[in-house]
Amino acid sequence: MMREGDDEPLWDVLEEHLDEAEFLWESWEQSLVAPNYTLEEVAAGVESRLLAHLDGLVIGGEAAAERLLVPALESDESARVSAAAAALLLGPVDSALETLFAVLQDLPEQRPALVRAFACIDHPGLLARLRAGLADVDEALVAACAEALVFRHEPLGEALSVLLASDDPAVRSLGLRALPGEAEGSVRAIQAGLGDEEPQVVDAAIAAGLVLAPVPTWTRVRARAEEPGGGPALVLLALRDAAGDRAAVQAALGDASRRAAAIYALGHVGAPELVDACLEWLDDAECGPLIGEMMQVLTGIDLDDAGLTVTVEDEALEHTPEHDLPRPDPLPTMQWWLRQRPRFEDGVRYLHGKTRSRAEVIEALTSGPMRRRPALLLDLQLRAPRGVLLRLQTRALTARQLAELAELRRALAGG
C-alpha cells in the first residue's frame with residue numbers, strides 16, 4: 001500500500017481496509033450462528049472478504065500498525081479491536097505480542113475482543129505467551145488467557161484449579177468448560193458445579209458432566225430444564241430422547257415463557273408428530289419461525305423457495321440469529337404440511353427428509369445451517385463411544401473447522 005516512488009503508505013486505502021475489516025469481523029461473527037449460511041458459504045463469502053482486508057492491513061507494515069492498528073486497540077467497538085488485533089498477529093511487526101498483551105493487562109474492557117482474536121488467529125509466539133499469562137497474579141488476566149487456550153483445546157495445567165476455586169461465577173464456568181479437555185477430569189468439581197447457585201456455572205458443569213460424569217448430570221439436566229434460562233437443558237433432553245425426555249420438553253409448550261425454547265428443542269428431534277404438536281402457534285411472531293425451522297430441518301424444504309413465507313419489518317434493537325429465520329405464512333404452510341405429513345412416519349426421526357443417522361448428522365454438521373451445528377455436535381457427542389471427546393469449534397475460522405471435522409469423522413469411524 002505504498003505510493004509509486006514513495007515510502008508513504010496510501011493512508012486512505014489502509015483506513016478503508018480497517019473500516020471494512022471491522023464491519024466484516026462483526027458480519028463474520030453473525031454468520032457463524034446464522035440460519036441462512038452454511039460453512040462453505042461463510043468461507044467463500046464474508047470470511048474470505050475479511051481475510052482479504054486483514055491482508056491489506058498487513059501489507060501496510062509497521063507504519064500501518066503504529067498509525068492505525070495500535071490506536072484501534074482502544075476503540076469502543078469490539079469488532080474494530082478484534083480486527084486490529086488480528087491484523088497485528090498476522091503481520092510482520094516484532095513487537096505485536098508485546099503491544100497486545102500490554103493492552104490486555106492495562107485495559108480490562110478490551111479483553112473480550114482481544115481474547116476473540118487470540119482464539120482465532122495464529123501467531124508463532126502466541127501460545128507460549130498465553131501459557132505464561134496463566135501464572136499471572138491477576139485472576140482476570142489468567143481467565144482471559146485461559147479462555148483463548150480452551151478455545152484452542154490447549155490444557156491449562158495448574159491454572160485450572162485457580163479457575164475452579166474462583167469467587168467469580170464466569171471464571172468458575174470457564175474452569176468447568178475446560179475440564180473435558182484436561183488429562184484428568186475432576187468429578188468432584190463437576191458435582192460442586194451442578195449444585196452451584198449460579199445458573200451459568202450449572203450449565204458449564206452440565207456440559208462437562210455429560211462427558212465425565214453422566215449419571216448425576218442427567219438428573220440435574222431434568223431439573224434445570226424447568227428453571228428460568230433452561231433452554232439448553234431442554235435441547236439436551238430432546239437430543240437424548242430417552243424415556244420421558246420428550247414428554248418433559250413437550251410439557252414446556254404449555255408455559256408461554258418457555259414455549260419458544262421448547263419448540264426450538266423439539267425441532268432437534270425430527271419427529272413429525274412433534275410438528276403436529278406445535279402447529280397451533282404457527283401464526284405466533286416468536287414461535288412461528290421456529291416451527292418453520294422445525295419443518296425445514298425435518299423435510300429439507302426451503303420455505304422461501306417454496307413461497308411459504310411472508311415479509312415482516314424487523315424492529316428489534318439487537319439482531320439475533322432468530323431474526324434471520326423465514327416467517328411462515330400460516331395458512332399456506334399449514335396446508336403444505338398436511339399434504340406432506342403422510343410421507344413421514346410417527347416414531348421415526350428425520351433429518352433433511354431422510355431417516356436420521358450418524359452419517360446424516362455428520363453431513364448436516366458439514367453442510368447444514370450454521371445455527372444448527374452446535375446442537376448437532378452435541379447429538380454426536382451424546383452418542384459417541386465412551387471416552388471419545390469430539391472437538392469442533394463452530395466459531396473458529398472455517399479452515400480450522402474443516403480440519404476438525406476431518407478429525408471428528410476419524411474419531412467416530414474408529415469408535
**Report entry** In range of the label at residue 63: residues from the stretch 17-31 whose backbone nitrogen is under 17 Å from the point 7 Å along Cα→Cβ
**Finding:** 17-18
Query raised in the report: With the dipole of the chain worked out from charges on the C-beta (+1 for Lys and Arg, -1 for Asp and Glu) around the Cα centre, which of 212, 281, 328 lies farthest toward the positive end?
Result: 212
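Keeping every protein chain present and rolling a 1.4 Å probe, give me the accessible area per residue for the chain in Å². Kindly include the intermediate steps, with their values, before the conclusion.
Values: 19330 Å² over 415 residues.
Value for the chain: 47 Å² per residue.
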Report summary line: Simple SL model, points at 7 angstrom along Cα→Cβ for residue 11 and residue 109; separation in nm is 2.6 nm
Query raised in the report: Out of residues 5 or more away from residue 351 or on other chains, whose amide H comes under 5 Å of its own, with H placed 1.01 Å from N in the peptide plane?
Result: 356
Query raised in the report: Cα centroids of the stretch 335-394 and the stretch 196-246: how far apart, whole angstrom?
Result: 20 Å
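At 222 nm, what helix-only mean residue ellipticity would the chain give, in deg cm²/dmol to the nearest 500, using -39500 (n - 2.57) for each DSSP H run of four or more?
So the helix-based figure for the chain works out to -17500 deg cm²/dmol.
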Query - Zone residues, the stretch 371-409, relative to residue 122, backbone N less than 16 Å from point 7 Å out along Cα-to-Cβ - result: 393, 396-407
**Report entry** Carbon and sulfur %, accessible surface of the stretch 308-375 computed with the full protein complex present, 1.4 Å
**Finding:** 51 percent
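Express the carbon and sulfur contribution to the solvent-accessible surface of the stretch 1-101 as a percent, rounded to the nearest whole number, probe 1.4 angstrom.
Working: 2230 of 4900 Å².
Solvent-exposed carbon and sulfur of the stretch 1-101 make up 46 percent of the total.
The values are calculated or read from the model by the stated rules, or taken from the named source; none is laboratory data. Keep in mind that this is a model prediction, so the values were computed, not measured. With ideal geometry, Cβ positions are generated from the backbone for all residues, glycine too; neighbour counts draw on all protein chains shown. Calculation scope for accessible area: heavy atoms of the full protein, side chains included, ligands and nucleic acids excluded. Shrake-Rupley method; radii C 1.70, N 1.55, O 1.52, S 1.80 Å.
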